[in-house]
Amino acid sequence: MAGTRWLDEDEQRTWRTFLAAVHLLEGALDRQLRRDSGLPHAYYQALVMLSEAPGGELTMTELARLLRSSPSRLSHAAARLEGEGLIRRFKRPKDRRTTIAELTPRGAEVLRAAAPGHVNEVRRLVFDALTGEQVERLHGISEALLAALDPHGEEPRYTNPGGAGDRD
């Protein structure tokens, strides 16, 4: 293809290393959560988002947006979480078109029990493997990638340091 700026050897090595690291990290976090709490990482993330929401509830549309999930994938996950008593779905009497997902007390309990092991695994695999300077660089790199991937800032960003986001 004419005009294609192919990756040079260093870029190719960096790209492949990055992809492998992201893939292995996601798999390791999922395995740890499944082993220790029976939750896939995606379900854990849904519980975290609900726990951080006012009143522990979000519309299914907003939850899908926060999780960067398709509505059908989220609907399947929500059915399983609801079946396990971790969330409840309902419609408000004045708005029968919108489905609300709410974290149940049992869901909050499961999340509280799962969070320490998950945070320990995140710390072990990411932060303990990096120096303080590398953590700062990783943050800067992640911000630069987000700026390229979402130039209009439409995707949710983490904006609550020291707040409820300490579960991940």
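The values are calculated or read from the model by the stated rules, or taken from the named source; none is laboratory data. Bear in mind that the values here come from a model prediction, so they are computed numbers and not experimental data. As a convention, Cβ positions derive from the backbone with ideal geometry for all residues, glycine included, and neighbour counts pool all protein chains shown. Surface areas here come from the heavy atoms of the whole protein model, side chains and all, with no ligands, DNA or RNA. Shrake-Rupley method; radii C 1.70, N 1.55, O 1.52, S 1.80 Å.
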Going from most exposed to least, what order do Asp150, Asp128 have by accessible area with a 1.4 Å probe? Asp128, Asp150
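May I ask you to compute the full-extension gain from Asp95 to Asn120, defined as 0.36 nm times their residue separation minus their alpha-carbon distance, rounded to one decimal in nm?
Values: separation 25, 0.36 × 25 = 9.00 nm, distance 4.12 nm.
Length difference between fully extended and current span is 4.9 nm.
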Label points 7 Å out from Cα along the Cβ direction at Arg157 and Glu143: separation in nm? 0.8
In the list (i) 1.20; (ii) 1.09; (iii) 0.99, the entry giving Cα Rg over 2.2 N^0.38 Å computed from the coordinates is (i)
Cut-off under 5 Å, modelled amide H: who pairs with Ile87 long-range: Glu82, Thr104
May I ask you to compute the full-extension gain from Thr59 to Arg13, defined as 0.36 nm times their residue separation minus their alpha-carbon distance, rounded to one decimal in nm? 12.4 nm
Relative contact order (percent, whole number), the chain, Cα cutoff 8 Å, 6+ residue spacing: 22
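Need the full-extension length gain, Ser72 to Asp150, defined as separation in residues times 0.36 nm minus the C-alpha distance. One decimal, nm.
Numbers: separation 78, 0.36 × 78 = 28.08 nm, distance 2.30 nm.
Difference between extended and current length: 25.8 nm.
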Along region 81-97, what does the Karplus equation 6.51 cos²θ - 1.76 cosθ + 1.60 (θ = phi - 60°) give for ³J(HN,Hα), rounded to whole Hz, x for Gly and Pro? 5, 5, x, 8, x, 8, 9, 10, 10, 7, 10, 6, x, 8, 9, 6, 7
Counting only protein heavy atoms and a 1.4 Å probe, tell me what percentage of the chain's accessible area is made up of carbon and sulfur. 56
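Let me have the 222 nm mean residue ellipticity of the chain computed from DSSP H runs of 4+ only, each contributing -39500 (n - 2.57), with the sum over all residues rounded to the nearest 500.
Details: 6 runs with 98 residues, N = 168.
Calculated from helices alone, the mean residue ellipticity at 222 nm is -19500 deg cm²/dmol.
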Please work out the average accessible area per residue across the chain, using the 1.4 Å probe convention, and give it in Å². 69
